[in-house]
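Structure first, commentary second.
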Amino acid sequence: MDYKAIIAEHNNTSRLEDRQRLRLRRFLMALASYFIGTLMIGLLVWLGYLTPQHYLFFIGLMVFINILFFVLFKTGLNLHFSDPSLTSLQILASTILTIQISYMATGGRGMLLLLYLTSHIFGVFRLTFRQFLLLDAFTIVAYAFMLSLLVQNRPEAIDLKLELLHWGALSITLPSFALLGAYLNRLRERLRERNNRLNQALEKIQELAVTDELTSLPNRRSIMEQLSKEWERSKRNGSHFCIALLDLDLFKEINDTYGHLAGDAVLKEFSSIVTTELRSPDSIGRYGGEEFLLIMPDTQITEAQKVAERIRERIARHEFVDIAPGVTIQVSIGLTEHDDQPIQELIKRADLALYQSKKSGRNRVSVHSSADV
């Protein structure tokens, strides 16, 4: 079981969920700006610059577009876009809606300029300088195209000098958002780099808190927490589980003969071998020194013995060739089954069984049952 991979996957999933929640909150903020736009366009209806039919058309189209964006965020389909926040698309949709209303209105278009600025504000913290300029260019060209259609089709509904003044103000103001956005983006990238370094440091701390640095197995604290959870689960539903203490025989001789670095290498290789012999629900951690604690959930003692024997045999026939040709090591195992006893009593029984294995000549599996009490 690759505990580092499990921790990394958990952290990545958590960060992805946090980013999705943030994107949804930003979308809801943008939705609030549509409400403001609805009120402003309602003023045009009240003043007689826009018909109620056109206003209802705007409301319907606005609702449809925002439902579409909401579905994209809630289903996760937004993650398939190059920009999962869909910021550019949301600004583009808002701009097109405003252009349509501006064309339908018979006056009061100067007030609608505020809607272009409002929609662009949401891109300041997200879009790059190039993306901003492209949106600005689209808005400016679209506004000019809308004016040309008004001149051709409804010249009586337009004050050309005033509208050109509006267009010029829009052309000057929007690029300033691009400059501001570029500056804020640089700040955001620096902050992101610092946050990434901080997250990496936190992940390392979390990993060290639950993982033995040498063997990459759960450390004593972590494996004991897993044992407590299994004990609680067994207490709730009456399930069986077994534990085993594994201790490398004559490990001190490895350190004395080949050095402590060789001893560390043996512990790492032993941990790797044992991990491959475990069943999917089993877990093992470094209990201390050359001693390891194995937890076997939903397991009767007879099945646990088979697992323990398989581990013992695999270790006994393995050669640690990286240290020296012919170097082998053996493991003694003490096994016991949970029988409603407290955790410390359970550990004590496994320890007594381990002592029996050592006393009986090492390289064997001994079982301590309730009958031995």
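The values are calculated or read from the model by the stated rules, or taken from the named source; none is laboratory data. A quick note: this is a predicted structure, and the numbers were derived from the prediction, not measured. Glycine gets a Cβ as well: all are built from the backbone with ideal geometry, and neighbour counts include every protein chain shown.
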Working only within segment 151-180, note down all residues that are surrounded by 14 or more Cβ atoms within 10 Å (Cβ to Cβ), hydrophobic (A, V, I, L, M, F, W, C) and out of contact with any Lys or Arg (no Cβ under 9 Å at 6 or more places or on another chain).
A157, W167, L170, L174, F177, L180
Is it the case that segment 289-300 has a residue that's buried (at least 17 other Cβ atoms within 10 Å of the Cβ) and among the small types (G, A, S)?
no
Hits in segment 100-124 (condition: over 35 Å from the mean Cα position of the chain (by Cα) and either buried (at least 21 other Cβ atoms within 10 Å of the Cβ) or not in a helix (DSSP H, G or I) (or both))
I101, S102, A105, T106, G107, G108, R109, L115
Restricted to segment 125-147, and to residues that are part of a loop (DSSP other than H, G, I, E, B) and either surrounded by fewer than 18 Cβ atoms within 10 Å (Cβ to Cβ) or of a type in the set (G, A, S) (or both), which residue is modelled with the highest pLDDT?
T128
Among residues of segment 206-234, those that are within 17 Å of the chain's Cα centre (by Cα) and either buried (at least 16 other Cβ atoms within 10 Å of the Cβ) or more than 24 Å from E291 (Cα to Cα) (or both), counted:
1
Go through segment 304-340 and give me each residue that's touching a residue at least 60 places away in the same chain (Cβ under 8 Å), not hydrophobic (A, V, I, L, M, F, W, C) and not in a loop (DSSP other than H, G, I, E, B).
Q305, S332, G334, T336, E337
From I41, I65, which residue is β-branched (V, I, T), at pLDDT 85 or above and under 30 Å from P155 (Cβ atoms)?
I41
When you scan segment 49-99, how many residues do you find that are more than 19 Å from L115 (Cβ to Cβ), among the aromatic types (F, W, Y) and outside any helix (DSSP H, G or I)?
1
Of the residues T215, T257, which is modelled with pLDDT of 90 or more and in the same structural domain as F292 (by TED's automatic domain parsing)?
T257
Of H338, H318, which residue is surrounded by 13 or more Cβ atoms within 10 Å (Cβ to Cβ), in contact with a Phe, Trp or Tyr (Cβ under 6 Å, 6 or more places away or on another chain) and either closer than 20 Å to Y287 by Cα or of a type outside the set (A, V, I, L, M) (or both)?
H338
For segment 150-181, give me the residue count where each residue is without any contact (Cβ under 8 Å) to a residue 12 or more places away in the chain and within 41 Å of the chain's Cα centre (by Cα).
1
Here the residues within segment 334-353 that are in contact with a Ser or Thr (Cβ under 6 Å, 6 or more places away or on another chain) and closer than 14 Å to E291 by Cα are G334, A350, A353
The strands (runs of 3 or more DSSP E) lying entirely within segment 202-300 that contain at least 3 residues which are within 21 Å of I329 (Cβ to Cβ) and touching a Lys or Arg at 6+ places or on another chain (Cβ under 8 Å) are 283-288
